[in-house]
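Just below is one structure, and these are the notes that go with it.
The values are calculated or read from the model by the stated rules, or taken from the named source; none is laboratory data. Quick caveat: nothing in here was measured; it's all calculated off a predicted structure. Positions of Cβ are backbone-derived with ideal geometry, glycine not excepted, and every protein chain shown enters the neighbour counts.
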Amino acid sequence: MVESEPHSILVIGPTTSDKNVDLSTAMYDTVEILHQLGYKTSVIVEDPTSLLSSGKYFDRIVVARVTGEHVLQYVHEYHPDAILPTVGDRNALGIVSSLNGKIGSVKILGSNYMASLATFKRELFIQKLTESQLPVINFVSSDDEKEIYSFIRSIGFPIIARRRYSNRHSSGWTNINNLFELDNFMALEDIEDSRIEIERSIRGFSEYSFTVVRDKFDNSALIGTIEDIEPIGIHHLDSNLISPAISLNDSKLQKMRTASLKLAQAFDIVGVCTVHFAYNHKTNEYFITEFIPRLSEETKFLEYATSYPIATAVVELSLGYHLDKLQLDGGRGFNGASEPFVDHITSRFPQWSAKGQKYLGPSKTSDSSIVVNGFSIEEVFNKGALNDKLNHNVERREQLSKLDDDQLFEKIIHPTNWMLDVLIEALRRKFEMPVLSEITGINMPYLTVLKNLLDISNLIDGDEVSTDNIERLVEMGVKGVGQSELLLDSDDVVTKTVVKSKRSITVSNRNYNNQNFFVTAGIKSDLKLSDKNKIIVRSPIITSKTDIMVRQFVLMQLVQSIAQNGLEAIVIGREPWTAPLSSREKVIEIDDPYMEMKSLDLIPEESIFKVIDFSKHLNEDDQVDNVFQINAKQLKNVEMPGEISLRAMVVTDGNNYLVPSVIYRQESDGHSFEISSYNNFLPVADRSAISKLIEQELEDNNEVNVFNFEFVRSNDHWVVTKSFEGMTDDIIRHELASSVHVIDTLVKLILGNKIEDNKTLEEIFNNQDNRYLLTVDDKRYNLLDFESTKEQLAKLLK
Amino acid sequence: MKRYLILEDGTVFPGVGFGSSIITTGQLVISNNRTGIEQSVTDPDAEGQILAFAIPSIGSSGINRDFYESINSQCKGVVIGSSSPSTIDGSISFGDWIASLGIPGIKNVDVRELSKHIAEHGEMKASIMDTHDEHAIDQIKALVLPPDLVKRVSTRQSYPNPNMGIKIVVVDLGLKYSILRQLSYRDCNSVIVNYNATPEEIENLHPDGIIFSNGPGSPSDIPQTIKTIKALQKKYPILGIGLGNLLIALANDCKIIKLAQPHHESSLAVKEVASGKIDFVNHNHSYTIDQKYIGSSDFIVTNICVADGSIEGIRHEYLPIMCVLFEPEAAPGPNDGYYVFDEFLDLIDSIKFQDDGGVDQW
């Protein structure tokens, strides 16, 4: 612990808003390292399941709305030495900026008032950057119409505009190209206390973001750069992203690196800061458009891309550690003074849950994202944005092929989430690349890549694949979709499909050996396996924030349990899964967008003890007896009204079973109430009735499995209304609430352990938890002790 | 066309040829530069080397003639994984540029595996060829790389880089233009001389300070320059960069060793020992000064590499001599090291303002 530094820290957790980025792994890493370093850590959080842990690292968990008022209340009651807002997304910075002068000597770690405020107050941001001679765009914020029109006369059109409300929220930017559009914008309903913000439009500029870390001794390092394939004007997180930024020459890169470091210094950010730039490659004009002094989607992505443990580093830097003297788990030294050099490309492709086209603009519309790795742009396009298994690109292109040229041109002018497919169709029709680049703002190297891929797909369609062109095909990322076999069969190709490490290859930190890999082309695999028996975990594709959390949680518990039971866990998925830092060196993780691992034959069949699969449908060549499907398959669904219901998780060895967790639910006065670990309140008669129903449901099952049942109370009887084989989304609540670790129990049963015969009902329903999660209306949470839960139940039953 | 990168130890990396189709042999160096292919290929340090670039999709950012570090390309071949077929600024593509320079290249190589191999077995000779039979490997083994790399790249004739400020003589051991750019930026009036210039020739130019530049090869290849340093070091403020630093160390009874992992990376951290300040700077060297002997010399260590603790900068305790092994002029890489030139000029100023101007009394 650094001397004279704080000892008790309040972490501002995330809200439940879907708009927030999932930073659950970063949160886990943050509190785990604080715990290891000996700090007393508390957290204020809306949904405790987002902590991904049962609270072992926390001194105190406050479940409440994450607001300035509640943070202030906590400060006055418990007097923490410091507040850490870096894992609380934008909301936490808003809170910090409102605390100025109200929290006495309590320190703010990782950010500060000025930096937090400047992320909300454009005037302050511009003032500070101007003072520091950093490039910033002309801007005005005013409620005076005359001032606004006068400013626009001085800068001319196009501009972007938004309304900023007194509660710090804003309307989102609107593009305005002429006086008519401006008049329309100004005529929109005027909400009291709102101001209008106007900025010179830099639409069409290329967008880059630079993430730097900085210690309190003014040492900084550039952790990574990200390039948006789409230009400014399309929300950064709706764009296809590439890291490192490959289109920057040395002069441009250094210019923006220097500006990023200078900004972090100007705001005295001790921790992490992501700086966004707009760059015009024709004029070499560039501006800083925003900065993010906290963990974010960018830091999460760069942690995937570079394997630099950003979340852990940020906590330690904010506590006063020197950049080159950071610590990993167990006190192992980590040299944070390294600018990771990666020899591969990592890309983030946004995903939309709806299949149709979505117009893109300055406001975010995507629901999730897929991250892929490769050694060329062609490869990452093929694996991500143009991977038919993820995006239905073939169907998209069939639809686009039916458009006439004018209709297609309309799609080029008004960008949608199908843009890359639209461009491929345009290239197929021989539209000129420079013209397409000019209209879309997508730079030439990417259009050339699309053209290459089009040529390749024409070759493959025409069955012209031969040893003459297969080398080129490999370079272009032709792996999977049946082509891998060709590569494997031919002795005369330059590279074959192999598995490579995602670790940055800089000479620093050779002793930090995270085990993340991706399937790609090369002559030799980086993968080295131990002699241990293995459990392969095939992880799922994620489409929503809830799914992310469930996957994070289940995978984390699974791999920890597999390791504890003496086996080696290998997680294979279509996209990456980054384990919490403490597990990252122990678990082998392989990104396999085309699910080729099996055909690569890199993992000896005889060493695979079991495959745990998250998908609902097994692969054709799976040996069914060796695959355990963990995802829920619904077996029963009976609609039955009832005020009171129970949801029970059951683990069975095929003979006996345990019910470690029961969730109680009651609908009352138009509200729903759920209480976890209801086992301890379940009357004996109900236990007996429910266990009989479970036994009936399990009658035909004679294998290790996990089941979820819903029981509804009707006319004083319990009826099974829903049953699932496998795990449902309830798993986090079951697992966090239950003293019996369901996933660990399941792993033990999979390994061949048995549940003892003749267990009593008390033993079957055993749950020694002393904290109970109350969920109101499926969105408000509270942690209660036994007595308070009892009172709550009594109130409900009245 | 299929070609092969063949290493001295017989390891073969297949790939696809581009650029010139000639057969080439040189010292294989893995470059972890993030950007700056123009600088790397035209850097005189690359004389006699085959450069393997580990960055992916090389060439997207275009080729900028303003980034050249010498008039001509210096390296003997390039090895890459993937390249971009077009550039963001419409300039010539990487492949076409390499072809226009007459350099043979090989792409689609598993550079990751190549890097691992070199890290494990050390830097070695390699060749880009059309075949990979035993005869080819024997040829590489038998080839002796020329020991006169500095002679090949150093200017044959002295030339001025005129400005109005402090007068610097730059001894060209393989000088990068960016050192001159930095001197010009500081209004230095410099004259560049051949590596073999005698102490008298240098003194006749009446310098305020002398720079011994970066350069290729081993410091033991040019003993005559060590003699020049010995003759001048008590008379003038001196800055040594890269090879220049190694020669100054040898002139003062220090020992030079090969780095276990050579530094060829455009952004690697060095720490200033006195202040603890960390800077990210361009490194391009395979040798360093042996820590064991530094204590018995008159030098103090000013900078160390954060990653491996090796010496990156020294300063003489009694004489106005400062040296860095990294490349303070960047090109490519962060500009954190520019301060070295300012410190050197301050050092010169501090000498000039003394009454008698003599270094002996410094």
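Quick notes on this one:
- Being surrounded by fewer than 24 Cβ atoms within 10 Å (Cβ to Cβ) and modelled with pLDDT under 95 holds for only one residue in A:GLU297, A:GLU303, and it is A:GLU297.
- Residues (among the acidic types (Asp, Glu) and away from chain B (no Cβ under 14 Å)) located in the range A:396-446: A:GLU398, A:ASP404, A:ASP405, A:ASP406, A:GLU410, A:ASP421, A:GLU425
- Selected residue (only one of A:ALA313, A:ALA221 is buried (at least 24 other Cβ atoms within 10 Å of the Cβ) and under 23 Å from the mean Cα position of the chain (by Cα)): A:ALA313
- Residues (of a type in the set (Asp, Glu) and within 10 Å of chain A (Cβ to nearest Cβ)) located in the range B:259-317: B:GLU265, B:ASP279, B:ASP308
- Check on A:ASP653, among the acidic types (Asp, Glu), modelled with pLDDT under 90 and out of contact with any Phe, Trp or Tyr (no Cβ under 9 Å at 6 or more places or on another chain): no
- Wholly within the range B:11-93, strands (runs of 3 or more DSSP E) carrying at least 3 residues that are within 12 Å of chain A (Cβ to nearest Cβ) and touching a Leu at 6+ places or on another chain (Cβ under 8 Å): B:12-19
Results for (1) of a type in the set (A, V, I, L, M); (2) touching a Gly at 6+ places or on another chain (Cβ under 8 Å); (3) on the phi > 0 side of the Ramachandran plot; (4) in the same structural domain as B:LYS258 (by TED's automatic domain parsing), shown as yes or no for each residue.
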residue: B:ALA46; (1), (2), (3), (4): yes, no, no, no
residue: B:SER57; (1), (2), (3), (4): no, no, yes, no
residue: B:SER61; (1), (2), (3), (4): no, no, no, no
residue: B:CYS75; (1), (2), (3), (4): no, yes, no, no
residue: B:SER93; (1), (2), (3), (4): no, yes, no, no
residue: B:LEU101; (1), (2), (3), (4): yes, yes, no, no
residue: B:ASN108; (1), (2), (3), (4): no, yes, yes, no
residue: B:LYS116; (1), (2), (3), (4): no, no, no, no
residue: B:ASP133; (1), (2), (3), (4): no, no, no, no
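- Filtered residues of the range A:574-608 (kept if assigned to a strand (DSSP E or B) and crowded, with 18+ Cβ neighbours inside 10 Å): A:ILE588, A:GLU589, A:ILE590, A:ASP591
- Cβ-Cβ distances below 9 Å connect the following pairs, each with a first residue in the range B:125-140 that is in contact (Cβ under 8 Å) with a residue 60 or more places away in the chain, a second residue that is charged (D, E, K, R) and part of a helix (DSSP H, G or I), and a separation of six or more residues or different chains: B:LYS125/B:LYS141.
- Where A:SER401 falls short, out of the listed (1) surrounded by fewer than 18 Cβ atoms within 10 Å (Cβ to Cβ); (2) of a type outside the set (D, E, K, R); (3) over 28 Å from A:LYS364 (Cα atoms): (3)
- Contacts under 7 angstrom Cβ, first residue in the range A:114-135 being farther than 18 Å from A:ASP89 by Cα, partner part of a loop (DSSP other than H, G, I, E, B) and of a type outside the set (Asp, Glu), 6 or more apart: A:LYS128/A:PHE267
- Within the range B:8-33, the residues that satisfy the criterion of being touching a helix residue (DSSP H, G or I) at 6+ places or on another chain (Cβ under 7 Å) and over 14 Å from B:LYS76 (Cβ atoms) are B:GLU8, B:ASP9, B:GLY10, B:THR11, B:PHE13, B:VAL16, B:PHE18, B:ILE30, B:ASN33.
- Within the set A:GLY104, A:GLY68, the sole residue that is under 28 Å from A:PHE267 (Cβ atoms), at pLDDT 90 or above and touching a helix residue (DSSP H, G or I) at 6+ places or on another chain (Cβ under 7 Å) turns out to be A:GLY68.
- Test: residue in the range A:226-236 that is crowded, with 23+ Cβ neighbours inside 10 Å, at the interface with chain B (Cβ under 8 Å from one of its Cβ atoms) and within 23 Å of A:LEU323 (Cα to Cα): no
- The set of residues in the range A:334-371 that are among the aliphatic types (A, V, I, L, M), assigned to a loop (DSSP other than H, G, I, E, B) and either within 19 Å of A:THR299 (Cα to Cα) or modelled with pLDDT of 95 or more (or both) comprises A:ALA337, A:VAL342.
- The residue of the range A:1-13 that is nearest to A:SER170 (Cα to Cα), among those that are part of a loop (DSSP other than H, G, I, E, B) and at pLDDT 90 or above, is A:GLY13.
- Contact annotation: residue pairs with Cβ atoms under 6 Å, 6 or more positions apart or on different chains, pairing a residue in the range A:370-395 that is more than 14 Å from chain B (Cβ to nearest Cβ) with a partner that is crowded, with 21+ Cβ neighbours inside 10 Å and of a type in the set (D, E, K, R), are A:ILE370/A:GLU575; A:VAL371/A:ARG348; A:VAL371/A:GLU575; A:ASN393/A:ASP421.
- Residue in the range B:34-43 that is acidic (Asp, Glu) and surrounded by fewer than 24 Cβ atoms within 10 Å (Cβ to Cβ) present: no
- The condition of being under 25 Å from A:THR130 (Cβ atoms) and modelled with pLDDT under 95 holds for only one of A:GLY271, A:GLY233, that being A:GLY233.
- Residue check for A:PHE217: within 14 Å of chain B (Cβ to nearest Cβ), in contact (Cβ under 8 Å) with a residue 60 or more places away in the chain and touching a His at 6+ places or on another chain (Cβ under 7 Å): yes
- B:PRO104 meets all of the listed conditions (1) crowded, with 20+ Cβ neighbours inside 10 Å; (2) at pLDDT below 95 but one, namely (2).
- The range A:697-744, subset surrounded by 20 or more Cβ atoms within 10 Å (Cβ to Cβ) and of a type in the set (S, T, N, Q), residue modelled with the lowest pLDDT: A:SER738
- Selection from the range A:675-722 of residues that are assigned to a strand (DSSP E or B) and of a type in the set (A, V, I, L, M, F, W, C): A:ILE675, A:VAL706, A:PHE707, A:PHE709, A:PHE711, A:VAL712, A:TRP718, A:VAL719, A:VAL720
- Picking from residues in the range A:607-633 that are at pLDDT 90 or above and not hydrophobic (A, V, I, L, M, F, W, C), the one that is farthest from A:SER723 (Cα to Cα) is A:SER607.
- Residue match in the range B:296-305 (condition: more than 27 Å from A:TYR512 (Cα to Cα) and under 20 Å from the mean Cα position of the chain (by Cα)): yes
- Listed by first and then second residue, the pairs with beta-carbon distance under 6 Å, at least 6 apart or on different chains, first residue in the range A:761-781 and under 15 Å from A:ASN656 (Cβ atoms), second modelled with pLDDT of 80 or more and in a strand (DSSP E or B), are A:ILE764/A:LEU658; A:ILE764/A:VAL659; A:PHE765/A:VAL659.
- Scan of the range A:319-366 for residues that are free of Cβ contacts under 8 Å to residues at least 40 places away in the same chain and within 14 Å of chain B (Cβ to nearest Cβ), ordered by number: A:LYS325, A:LEU326, A:GLY333
- Residue check, B:ILE348 in contact with a Ser or Thr (Cβ under 6 Å, 6 or more places away or on another chain), at pLDDT 95 or above and more than 14 Å from chain A (Cβ to nearest Cβ): no
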